[in-house]
Amino acid sequence: DSDGDGLSDPDELNVHGTTPTTADRDGDGLSDYTELNAHGTSPTNADSDGDGLSDGAEVNTHATDPLDADGDDDGLSDGAEVNVHGTSPGNPDSDADGLSDGAEVTTHATNPGDADSDDDALSDGAEVGTYATDPLDADSDDDGLSDGPEVLLHGTSPTDADSEDDGLPDGDELNLYG
């Protein structure tokens, strides 16, 4: 075992396709022995699941499975979560807003790292799932009141500009007439 990785030189050459003088042939931060015997990953492919994170980074840094490209099953690969979106590859809803990271990126175009993408005091998940408002527009009905205060303070509808159907937009009633 010339490289001290726990695999015999003949096995490295004839069985595993690794190099007997290099303990980590693919340079991913895991020894060839560890890849074969502890994780079942390829000692000749630095990213066994093809998700954009090396096997070593998955095991040593992110605590994800190097054989599962989307460890939290949120619709984003572990690599995309770390390298593109800045989200957690081990948490399907990194900002805890009620929408999975994948749904935020691929369906709603909201920020998976910000629970309230439009800063209106309603979480993106509540806007989509409860109130049917636009999580990217702080005033979904364009009445001059943000969605959050309409729901949380005023008791008006964030999807109907004139909640009382009296001909005055909710924002005008509250801002001009008190």
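Between residue 106 and residue 38, what length comes free when the chain is fully extended (0.36 nm per residue of separation minus the Cα-Cα distance, one decimal in nm)? If you can, show how the numbers build up before the last one.
Working: separation 68, 0.36 × 68 = 24.48 nm, distance 3.45 nm.
Here the answer is 21.0 nm.
Step through the residues of region 118-131 one at a time and calculate ³J(HN,Hα) from phi using the Karplus curve (6.51 cos²θ - 1.76 cosθ + 1.60, θ = phi - 60°), rounding each to whole Hz and writing x for Gly and Pro.
9, 6, 9, 6, 10, 5, 4, x, 5, 5, 6, x, 10, 9
Students often get this wrong: which residues of region 40-63 have the backbone nitrogen under 15 Å from the point 7 angstrom along Cα-to-C-beta of residue 91?
Flagged as within label range: 62-63.
Could you derive backbone 3J(HN,Hα) for region 171-176 from the dihedral phi with the Karplus parameters 6.51, -1.76 and 1.60 (θ = phi - 60°), listing whole Hz in sequence and x where the residue is Gly or Pro?
Those phi angles translate into x, 5, 4, 7, 7, 9 Hz.
Grab the Cα-Cα distance for residue 152 and residue 119, subtract it from 0.36 nm times how many residues apart they are, and report the gain in nm with one decimal. Intermediate results must be reported in sequence, preceding the final value.
Details: separation 33, 0.36 × 33 = 11.88 nm, distance 1.39 nm.
Gain in length upon complete extension: 10.5 nm.
Divide, for region 45-163, the radius of gyration over alpha carbons by 2.2 N^0.38 Å, where N is the residue count. Mind showing how you got there, number by number?
Values: Rg = 17.6 Å, N = 119, 2.2 N^0.38 = 13.5 Å.
Taking N as the residue count of region 45-163, the ratio is 1.30.
Percent relative contact order of the chain, based on C-alpha pairs within less than 8 angstrom and at least six residues apart? List each step's numbers first, then the result.
Working: 296 pairs, mean separation 16.1, N = 178.
The value is 9 percent.
Per 10 Å bin, what percent of the C-alpha pairs of region 133-172 does each bin hold, from zero upward?
Reading the bins upward from 0: 38, 56, 6.
Read-outs: derived from the displayed coordinates by stated rules, not from any lab. Here the structure is a predicted model, which is why all the values come from computation and not from measurement. Counting neighbours? That spans all protein chains shown, and the Cβs are built from the backbone with ideal geometry, glycine included.
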